[in-house]
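Coordinate-derived values only; no laboratory data. The structure displayed is predicted, hence computed values, not measured ones. Here the Cβ positions follow ideal geometry from the backbone for every residue, glycine too, while neighbour counts run over all protein chains shown.
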Amino acid sequence: MLKNPTPKQVAIFVAVLITLFSTLALFVISIINHAPLHFSLYIFWVVIIFAISYLITLYYLERYIYRKVKLIYKTIREEKRSTAEKNPVIDVNRNIMDDVEREVATWADDQRREIDKYKSWAEYRRRFLGDISHELKTPIFNIQGYLHTLLDGGMEDQEINTLFLQKAVKNVDRLNTIVEDLESISRLESEGLILEMQIFDIKKLAEEVFEDLEFKATEKAIKLEFKDGAAQNFKVRADRENIRQVLTNLVSNSIKYGNVNGLTKIGFYDMDKYILIEIADNGIGIAKEHLKHIFDRFYRVDKHRSRDQGGSGLGLAIVKHIVEAHKQTIHVRSTPNIGSTFGFTLEKA
């Protein structure tokens, strides 16, 4: 028997068997009747029986295979097929079932990947809902506590009324920051970021960011500088305001988690077609196990300290979205108690 035969091979094999048995039966009958046939008649008989057997077998094989293939395709195909596709011409010289088996295997792999993706999305959605409810619950709980204390008589206490109102306002501001950042994330993920590409000097933009954050840095006596030997002026092609947001977020984080009397430096490196921008500090650093999650939404290395510092927990996720919208990459290197360096690339103009 043939291994994985084609319809044509099966039809030939069946026709040969039928022809042999028919010819043998005819020969036996002619001997019994004492009326042997002429050799030419045997040849004619063989040709006719073979041809008829072959055609009939091939026809029913085609019909059988067509029905099976049609049922399989009804199961694995999502799109509605055209009339021509519904009535395919079967190539009897090919192993049709092997082709179908490959298609079914491919379909099964696709289904498995889809299921894995849906499971991943479901888990991501579950964690996201848990994270966002936790992030919102903390400032809401604080605001409730301050306001209830004031309503229960705290308004009459000059020592706490202004302080509690200030703390309530601070938590309202944090709620507002979370909502605004959530809107930004939602817009970036659902609609995509529409970039207004232009050519500008990346060092001048960094200088503007330093000026904006100078007061915040002064509060912790942190110096904002450019790296020695890596402070050249480079022209880049990007969305200036979105890159401002990236630099502002990264420099602000370096200040927020930096040590008192610390240092934040920005450096620029020519990479032929791209410019590498690095923001480095000598702050508290990030442990290795946290680095792969640092750009996840609401991920906090030190949850208690991070919330005390304010912010929505979405800043680095937004930064990553903006950089990736430019079709560029962002990475981080960090060591606890030594500092962190965030680097991203932009197209060189």
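Please order 195, 17 by the number of other Cβ within 10 Å, starting at the fewest.
On the way: 195 16, 17 12.
Exposure proxy ranking, most exposed first: 17, 195.
Here r is the Cβ-Cβ distance between residue 59 and residue 119 and R0 is 45 Å; the resulting FRET efficiency, rounded to 0.05, is 0.45.
Among 153-164, 253-264, 269-280, what's the highest-first ranking by average C-beta atoms within 10 angstrom per residue?
253-264, 269-280, 153-164
Rounded to the nearest 20 debye, the dipole size of the range 157-200 about its Cα centre is 120 debye, using +1 on the Cβ of Lys and Arg and -1 on the Cβ of Asp and Glu.
Backbone amide hydrogens, once placed in the peptide plane, bring residue 226 within less than 5 Å of 266, excluding anything fewer than 5 places away on its chain. As a rough guide to protection, the peptides 315-322, 208-215, 40-47 ranked by mean Cβ packing within 10 Å, highest first, stand as 315-322, 208-215, 40-47. By the count of other C-beta atoms within 10 Å, a proxy for reagent exposure, 187, 240, 102 are ordered fewest to most as 102, 187, 240. With 24 Å as the limit on Cα-Cα distance, the pairs of 203/292; 167/292; 235/327; 170/265 that go past it are 203/292; 167/292; 170/265. Checking the Cα-Cα distances for 117/288; 117/256; 227/288 against a 30 Å cut-off, the pairs over it are 117/256. Sequence-ordered 3J(HN,Hα) estimates for the range 151-157 from the Karplus curve with 6.51, -1.76 and 1.60 and θ = phi - 60° stand at 5, 7, x, x, 4, 7, 8 Hz, glycine and proline given as x. What the phi angles of the range 235-248 give under the Karplus curve with 6.51, -1.76 and 1.60, with θ = phi - 60°, is a coupling list of 8, 10, 10, 6, 7, 4, 5, 6, 5, 4, 4, 4, 4, 4 Hz, glycine and proline written as x. Counting every other Cβ atom within 10 Å of each residue's Cβ, 29, 56 order from fewest to most as 29, 56.
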